[in-house]
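Here is the structure we will look at.
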Amino acid sequence: MYSYKTGIRLIDEVKEGLSPGSNILILAPAMSSGENLGYSVARPLPGEYSLVLSTVRRSVDLLEFFSSVNIDHRRIGIIDAVTKLSTPDIRDSTQVCYVSSPSDLTGIGIKFSSLVESIFAGEFPESGDTLFPPPIRFYIDSLTTLLMYRRLEVIYQFLHAITAKLKKMEAIGIYALNNESFDEKTLSLIKQLMTVMIEVKHEQNGELLRIRGLPGVSQDWVRFGISETGLEVIL
Amino acid sequence: MIRTGIPGIDEMLGSGIPKGSKVVFSLEPGVDGRPFMYRILRTVLSSGKNALVIAPGATKTAFCSDVSQLMETDQRREPGRVTVLDSAVRDGINSRSRGAKTRLKEWQKVIRETIQENAIEVLFVYFDLLYEDFGLEPALRLLPSGEEGRGLVTIVEHLNLEGDSLVSRFVSEGSFDLIISLHSAISTIPFFNFLTLEYVSWSQIPRRSIPYSAGGGTLRLYIPKIIVTGPPSSGKTTFVLNASDSGLSSDRGDADGFRTTVTMDLGWLHLRGFDIHIFGTPGQPRFDPILPQIFRNAMGVIMVIDVTRPDTLPRARELLTLAYAAKMPVVIAANKADLPHRMNERQVRESLKLKEDIPVYFISSLRRSDVHSVLESMIDHITRLSS
């Protein structure tokens, strides 16, 4: 069975990565590196592909960001829920699809299916290592935004459908959520769909993360940083 | 009646949707309902009727641009006019009115006025945000009833996150006259999409699922497998090749010049709005071990018999047991009826011990029209009739 390396040594060394169908929730306060931590985990390794639902940044800004942090975006598909609000006529390309707003769950589902079909149809550039089924990392860069537009129960049902699809496809899901914006009921409902949780917090000496849900992996807070090469845990 | 413009669906429904009907397309997450909604919208506008679209999740420009991109057409050039109540209307109502009841009333008012002022004949509704804003029953009350609507046809698209329970509720409560759910058959890899005709109020059509393919603004219903089987030399290969727009035979001759199918005959055709693949089996008993696999996932069986050779009917009866086991619709093509023969329909029925609802057609598989009449009967059995 394929194993997804996370780039987080604590996970990769003990568990040799995550099994297909895993769902990782990144709980991080505002103004932290939570969103970028998500991009780091979602980074496609050779033979893999990534799909990103961007509810915060326009796809052009996201592509610039990928270049700035040395992420090869040729194997990344983007569902852009931002640009169409200001540019309604914009057209989909093979790797960038647009939905009218973060409230458009129908559109998000359609574009997700369309990008997955494009990957299976070989329309994304291949990396040389051809794996089947192609490993796919799906990242929602802000569950927070989705929850601002739609009711919790609706988002829960939508995520339930998406996670079931990811499991069938042997893909993994990564979701970033601002834990300061929602009550305990919201967080615990979303956590029900997750297999792994990474919490992020600020301290004077930098940012720390803690991993939950993986037996054998330390649950202690550890300092981390994100560079061009990826995420670095400082023990 | 209004036609949907989707040939297979119009065929299944008789000739379209009666005036005053309410229709819902219930979407599984990830399935694209736009080819259905946009195709019907385009058909309505091109027939000179005016349409109102309630799209509370998108701006009018974004909606119209999406329709133009997907259908590769400009709806402003159609004789009918389209009016859109979009996200700006929803935002306006939400900002002006406090409380769900007041907002609901305002929506009802704006919908009623827009319908009257613009002589709207067909209403298209993107339902899930209204459902979320007001709950199911109040949101359903927003859809004009038959009396209010005076023949207005309402077409609803709904992202169904509740699954079969919501569809069952729609059926049991008679919320809609036509309920079609759209599904994706995804396993490890994306497979195909299919629609299920869940309920039709104006016709006794049983619940049916049909795969479909969509792309480039076109939408085609798809019957992935019809089996053509029968005793050796009954004319199966001729049937498949004459039925098909493109076909392939695997007949091979022996040293005596006798030709027989050694694996399968394959054919593809487009008939009555359906893309159809037909698979002709070999007839000899030595191929029987592979037949259950060939029959697997087929949607119907055409049994070809040779009416000049009653001695071959016991073999046809053996093959029919496979079709009965798979509970598939069966149609009998009594072939070579253009040659001298003594069998009539009663004798065929008795010899094959056929149930009354299995049709028997006396044909010549050399004639394309004969072959197509058998296939049309099979399409009816697959899509409209109880099996």
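The values are calculated or read from the model by the stated rules, or taken from the named source; none is laboratory data. Note that the structure is a prediction, hence the values are computed from the model and not measured. Quick reminder, even Gly has a Cβ in these numbers, built from the backbone with ideal geometry, and neighbours come from all protein chains shown.
Checking each residue in the stretch A:129-160 for being of a type in the set (Phe, Trp, Tyr) and either farther than 28 Å from B:ASP164 by Cα or more than 10 Å from every other protein chain (Cβ to nearest Cβ) (or both) picks out A:PHE132, A:PHE138, A:TYR139. Checking each residue in the stretch B:4-23 for being more than 14 Å from the chain's Cα centre (by Cα) and surrounded by fewer than 19 Cβ atoms within 10 Å (Cβ to Cβ) picks out B:PRO18, B:LYS19, B:GLY20.
Does A:LEU208 satisfy the criteria of being without any contact (Cβ under 8 Å) to a residue 24 or more places away in the chain and either out of contact with any helix residue (DSSP H, G or I) (no Cβ under 8 Å at 6 or more places or on another chain) or not in a helix (DSSP H, G or I) (or both)? For A:LEU208, the condition - without any contact (Cβ under 8 Å) to a residue 24 or more places away in the chain and either out of contact with any helix residue (DSSP H, G or I) (no Cβ under 8 Å at 6 or more places or on another chain) or not in a helix (DSSP H, G or I) (or both) - is met. Yes or no: B:SER364 free of Cβ contacts under 8 Å to residues at least 24 places away in the same chain and under 22 Å from B:VAL240 (Cα atoms)? In short, no.
Being more than 30 Å from B:GLY48 (Cα to Cα) and surrounded by 19 or more Cβ atoms within 10 Å (Cβ to Cβ) is a condition met by no residue of the stretch B:108-129. All of (1) within 9 Å of another protein chain (Cβ to nearest Cβ); (2) under 28 Å from A:GLY17 (Cβ atoms); (3) over 18 Å from the mean Cα position of the chain (by Cα) hold for A:GLU126 with one exception: (1). Residues in the stretch B:264-283 that are under 21 Å from B:ILE332 (Cβ atoms) and either loosely packed, with under 14 Cβ neighbours inside 10 Å or acidic (Asp, Glu) (or both): 1 in all.
Only one of the numbered conditions (1) within 13 Å of chain B (Cβ to nearest Cβ); (2) touching a residue at least 12 places away in the same chain (Cβ under 8 Å); (3) of a type outside the set (A, V, I, L, M, F, W, C) is not met by A:ARG75, and that is (1).
Candidates are the residues of the stretch B:87-137 that are among the β-branched types (Val, Ile, Thr) and more than 37 Å from the chain's Cα centre (by Cα); the one that is nearest to B:VAL67 (Cα to Cα) is B:ILE93.
In this structure, B:SER26 does satisfy being outside any helix (DSSP H, G or I), modelled with pLDDT of 90 or more, surrounded by 19 or more Cβ atoms within 10 Å (Cβ to Cβ) and not acidic (Asp, Glu). Of the residues making up the stretch A:161-177, one or more are crowded, with 17+ Cβ neighbours inside 10 Å, within 14 Å of chain B (Cβ to nearest Cβ), closer than 29 Å to A:VAL116 by Cα and of a type in the set (Lys, Arg). For the stretch B:43-53, check the following and say yes or no: at least one residue is under 27 Å from B:ILE379 (Cβ atoms), under 17 Å from the mean Cα position of the chain (by Cα) and buried (at least 20 other Cβ atoms within 10 Å of the Cβ). So far as the stretch B:43-53 goes, no, none of its residues is under 27 Å from B:ILE379 (Cβ atoms), under 17 Å from the mean Cα position of the chain (by Cα) and buried (at least 20 other Cβ atoms within 10 Å of the Cβ). Mind listing just one residue for me: the one in the stretch A:185-205 that is assigned to a strand (DSSP E or B) and under 18 Å from the mean Cα position of the chain (by Cα) and, of those, surrounded by the most Cβ atoms within 10 Å (Cβ to Cβ)? Looking at the filtered set, the residue picked out is A:ILE198. Just one of the listed residues (B:LYS355, B:LYS336) is surrounded by 15 or more Cβ atoms within 10 Å (Cβ to Cβ) and among the basic types (Lys, Arg), and it is B:LYS336. Where strands (runs of 3 or more DSSP E) fall entirely within the stretch B:75-187, those with at least 1 residues that are in contact (Cβ under 8 Å) with a residue 60 or more places away in the chain are at B:120-126, B:153-159, B:178-186.
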